[in-house]
Structure formats: C-alpha cells, structure tokens
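Have a look at the structure below, then the notes.
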Amino acid sequence: MFSLIAGFSIVELLKIVLADLALSGDNALVIGAAAAGLDQRRRWWAILLGGGSAILLRIVFTVIASVLLGLPLLQAIGGAILLYIAIKLLLERGEKAQSDQGQQAVSEQEKPGKKRNSLRSALLTILVADVTMSLDNVLAVAGVADGHIPTLIVGLLLSVVLLLLGSALISALMSRIPLLLDLAALVLAWTAGHMLLDDHQVGPILLHIPSADIVFPIVTIMLVLIVDVFIWRREALAKQAATSSRVRK
C-alpha cells in the first residue's frame, strides 16, 4: 500500500524530503541573499541555474557520502568558505549601494559586461555556498535513504523544487528589506562556526576552549558583524557627503 512503482516507498520518500528540507533553511537563505541584488529576470536565472547545479552536485555527493566522510578537514574548509561568503555578500551589497549613490553613470558599452559579472558572481556564490552547506544534509539524507538510490534522487528533486521556491521568496523579500541580508549573513556565520567545530581534525582542538560550542560561533558572528557595521557606516558617510555636495550646488 505504501509503495510506488520501481520499489519506491512513499514513507522513505517523505522521510528524505522532510530531512533535506529541515536541514536546508540556511541553503535557502544563501541562495536568496546571493540573488537579491539582481533584477527580477536575472534573479530567477541565478536561482534556477545556481540552485539547480548545486542540487545535481548534492545528489552526487549524497551517493558517495561514505567517500566524503573520509576527506580530511572537509568541514573546516567548508566553514572557512562559508564565513568568506557571508562577508562577501555584505561587501557586494555595500559596493552596489555605493555605486548607486555616488558616481557618474557608466557608459552603455560597459553596462552589459557589468551585468554578466554580477550574474556570474551570484551563480558562483550560490553554487559554492550551497555545496559547502550541504555537507550535513548529504550525510543525514544518505543515512535516511539507506542505500535506496532511486528513492533518494526523487526525494532530493522534490525537496529542491520547494527549496528554490523558498529561495525566490527570500530573495524578493531581501531586495525590499535590506536588513534581511544582514540577518542572513549572521546565520551563515553561525553555521560556519559550527562547521569548524564539527570537523574531525579541527574540532577536537577548538573544543579545548571552555564553552567552545557557544564561544566559537559567537566569534564568527562578531567577525561578520564588525564588517557589517563598517559597511553601514561607510554607506552613511557616503550619503552624507552626497547630500552636502548637492546642497552646495
């Protein structure tokens, strides 16, 4: 009664979808954040191409999860990459705001190249961040699938459709409420701190620090927060300077 054709199990399928979605909240955040700075048409391309490519890699990684488990410093490298991406998203938002305010319009010949770079940058950020943050998903979902590869692939594809729809909603909200990007960067910093602690080589060293499981993620959050405050201050000063120059004229 609970089985589908080709030996699929509805119960196992639901388990995989729910497990992947439960672990994919931060993935939706980073996909949405990376696409938020693009116009609506390119935003959808970034979400579909970047998210879709990341998902294909996630399926491959899930199938070879046991091999991934043996790679040294995998979680630590992933955490460091994620911390870099959290800061990069804030810096890109700051650069976009600065260019929007201040400077003279770029010539028409330069604009297409800039758009392509922006889309390419968003695609790369989505791909790297999603794959990096999917390490926990990969191991958990591989365990739930228990070797049933067809059920695993169908389950991941279903969860991906929901994930990309959620990412599109988050991206639209972030383009209207810029503060959400700051919150997303802090969530990514927290996740990065935990990934470093979960690494089999680095984790045992860091855990010698008292209350490391709380202290270390807070340290990564503070790093991102310092960058964020610096960017907000720079934007405020740029606005002030632009207003002063208009008044003088």
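Brief remarks on what is shown
- Between the beta carbons of L173 and I64, assuming R0 = 30 Å, the FRET efficiency works out to 0.25 to the nearest 0.05.
- Difference of contour (0.36 nm per residue) and Cα-Cα distance, I214 to L49: 55.8 nm
- Footprinting exposure proxy for H148, H200 (fewest neighbouring C-beta atoms within 10 Å first): H200, H148
- Between L14 and E95, full extension at 0.36 nm per residue minus the direct alpha carbon distance yields a gain of 24.9 nm.
- Ranked S167, S134, S211, criterion: other C-beta atoms within 10 Å, fewest first: S211, S134, S167
- Table column - 3J(HN,Hα) (Hz), the stretch 201-206, Karplus curve with 6.51, -1.76, 1.60, x for Gly and Pro: 8, 7, x, x, 6, 5
- When each of V219, V229, V160 is scored by the number of other beta-carbon atoms lying within 10 Å, the sequence from fewest to most is V229, V219, V160.
- Separation of the Q40 and L158 label points, Cα + 7 Å toward Cβ, nm: 3.2 nm
No lab work stands behind these numbers, since they all come straight from the coordinates. Note that this is a predicted model, so its numbers are computed, not measured. FYI the Cβ positions are ideal-geometry reconstructions off the backbone, even for glycines, and counts take in every protein chain you see.
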